[in-house]
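*Asks:* Quick one: the structure is below, questions incoming.
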Amino acid sequence: MSDRITLGKTFKPHWVWAIAFGSAIGWGSFVLPVEWMNMAGPMGVVIGLWIGGLILSLVGLSTGFLVKAYPITGGAFTYAYLAFGRKHAFLCGWFLILGYAAIVALNASAFALMIKFLVPDVVKVGLLYSIAGWDVYFVEVLIASAILVLFAWLNIRGADATAQTQFYFCVLLIAAATGVTAAMSFAPETSFSNLLPLYKPGIPSWSAIAAIVAISPWAYVGFDTVPQAAEEFNFSPAKATFLILAALAVAAAHYSIMILATGLAIPWLDLVDLREIWGTGWAVQQVLGTAGLAALVVALCMGIFTGLIGFYISCSRLMFAMGRAKALPAVFCRLHGKHGTPWASIVFVCAICLLAPWFGRSVLLWIVDMSAVGISIAFIYYCAVAYRLFKWTASQRAPAFCKEVAPGKKLIALAGMLCSIGLLGLLLVPGSPAFLETPAWIALGCWVLIGLGFYLTLAREYCNTPKAEMDRLILGHAAA
């Protein structure tokens, strides 16, 4: 039997919370409020995001149950294998890689977007071409590429130092964002009447809210970085559920205050019509001047940096687990000789993300829409496996890995699974408020074909490895 490579146990509880919260926030809460208000109006966005947060709390609870029972890196890949076997595990893992990597790329793109807003004359140099109406500049590509390489290097240098830095970044993010929102609320130039109408005119309020609920898997993705890091906990896995729910709650509150801060400056419909490159930044600058914009820039930078750290960690750990299980080439489970990090996986994520800035932001947003499908699929698996982890009654027949009689936990997992299927339906069912656009379907098809190529290349060894050995590689021991 081959040796099983393991990760060191260095992550503290508040570091893990910071990884989850920072990943869930990222850049979207600072860059997208105007676009979201254009979809649903201020109240529609807030209600939609809180409903989405509550739905994903069911997924979070289910995930916490699994982490407590099986604190092993790999997240949904590991748990899908446990309950449904190798093919399901590969399918789930492959889509989740896409979801994570797309957000790494978009965080780098958001950093370049911020620089373009602050110093447009510096960034708008070296026009290369236009894609889907978005001008691609060489300097913009250079900035996004530099931030990708920098954070790949930081993640390779050490997991514990990176996770600790993540916590400090999150504290600064919360302080800066809260300060900006408080200042906007009390500024004499602002008015809460600017938030009217509360919903987007011309469409039913329920439809507007549903469109926001549909993107909540993408808006909150990051809380599932907790199971990706489970093997590195230096504390009891029983704390995972609280850390996940705390990350979701603080994320929902943060999204709400950023909608408030954006919509107070001028009537929000007028703000939408302005089509500013960074609507929230423009609104804050008009009211609070350079000082307010500087505080917002600090918060945005922290959001981008925490997103980069969190998703580099989660994507590289997922690929590490898949490489260890022979679902991906073995190079992805190699650890750095000095720092003990999965350096090859981190380099691979960086390499594929370095392609993204060359395609322009419009194409990246299509990829994000498509990646929401993969994220929703992973959420379904989390809940489905948690559902099978428990029994309704002591006499019920159950899988060998089933841990206990717990009808309450089983009901939570069932509710989470049904809600996750509903979220996926909003993206895939024609006529739904969040049905994918044609370019997103094309990107989804390309990713499926690439995954199929990987699977066919590796299928012989992956599928023919004896189950006892595969259990040891993925779970760390023979399955119960």
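The values are calculated or read from the model by the stated rules, or taken from the named source; none is laboratory data. Fair warning: this is a prediction, and the values are worked out from it, not measured in the lab. Virtual Cβ from ideal backbone geometry, glycine too; neighbours counted across all protein chains shown. Areas reflect the complete protein model, heavy atoms only, side chains present, ligands, DNA and RNA absent. Shrake-Rupley method; radii C 1.70, N 1.55, O 1.52, S 1.80 Å.
*Asks:* Give all pairs with beta carbons closer than 6 Å in which a residue from the range 406-418 that is open to solvent by 50 Å² or more (accessible area, probe 1.4 Å) meets a residue that is in a loop (DSSP other than H, G, I, E, B); count only pairs at least 6 apart in sequence or on separate chains.
*Replies:* That search, which allows pairs on different chains as well, returns Pro407/Trp392.
*Asks:* Scan the range 158-168 for residues that are in contact (Cβ under 8 Å) with a residue 40 or more places away in the chain and open to solvent by less than 60 Å² (accessible area, probe 1.4 Å) and jot them down.
*Replies:* Result: Gly158, Ala159, Thr162, Ala163, Thr165, Gln166, Phe167.
*Asks:* Do we find that Ser316 is buried (at least 18 other Cβ atoms within 10 Å of the Cβ), among the hydroxyl-bearing types (Ser, Thr, Tyr) and assigned to a helix (DSSP H, G or I) in this structure?
*Replies:* yes
*Asks:* Taking the range 19-43, which residues are within 15 Å of Cys301 (Cα to Cα), modelled with pLDDT of 85 or more and small (Gly, Ala, Ser)?
*Replies:* Within the range 19-43, Gly22, Ser23, Ala24, Ser29 meet the criteria.
*Asks:* Still on this structure: Out of (1) over 24 Å from Gly26 (Cβ atoms); (2) in a loop (DSSP other than H, G, I, E, B), the odd one out for Gly222 is which?
*Replies:* (1)
*Asks:* To continue, here is another question. Can you tell me which residue is farthest from Gly126 (Cα to Cα) among those in the range 138-157 that are small (Gly, Ala, Ser) and buried (at least 17 other Cβ atoms within 10 Å of the Cβ)?
*Replies:* The residue in question is Ala152.
*Asks:* Please work out if Tyr387 is under 23 Å from Met470 (Cβ atoms), aromatic (Phe, Trp, Tyr), modelled with pLDDT of 85 or more and touching a Cys at 6+ places or on another chain (Cβ under 7 Å).
*Replies:* no
*Asks:* Scan (1) outside any helix (DSSP H, G or I); (2) open to solvent by 50 Å² or more (accessible area, probe 1.4 Å) for the single condition Asp273 breaks and write down its number.
*Replies:* (1)
*Asks:* Next question, about the same structure. Here's a check for you: in the range 276-313, which residue that is crowded, with 24+ Cβ neighbours inside 10 Å and among the β-branched types (Val, Ile, Thr) is farthest from Ala108 (Cα to Cα)?
*Replies:* The selected residue is Val284.
*Asks:* How about the range 421-473: which of its residues are farther than 25 Å from Met39 by Cβ, part of a loop (DSSP other than H, G, I, E, B) and either at pLDDT below 85 or open to solvent by less than 30 Å² (accessible area, probe 1.4 Å) (or both)?
*Replies:* Thr465
Results for (1) in contact (Cβ under 8 Å) with a residue 12 or more places away in the chain; (2) of a type in the set (Phe, Trp, Tyr); (3) under 30 Å from His339 (Cα atoms); (4) touching a Phe, Trp or Tyr at 6+ places or on another chain (Cβ under 7 Å), shown as yes or no for each residue.
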site: Ala182; (1), (2), (3), (4): no, no, no, no
site: Leu196; (1), (2), (3), (4): yes, no, no, no
site: Lys200; (1), (2), (3), (4): yes, no, no, no
site: Ser205; (1), (2), (3), (4): yes, no, no, yes
site: Ala208; (1), (2), (3), (4): yes, no, no, yes
site: Ser216; (1), (2), (3), (4): yes, no, no, no
site: Ala230; (1), (2), (3), (4): yes, no, yes, no
site: Tyr255; (1), (2), (3), (4): yes, yes, no, no
site: Pro267; (1), (2), (3), (4): yes, no, no, no
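*Asks:* Could you figure out which of (1) among the aliphatic types (A, V, I, L, M); (2) buried (at least 24 other Cβ atoms within 10 Å of the Cβ); (3) over 23 Å from Val373 (Cα atoms) isn't true of Val59?
*Replies:* (3)
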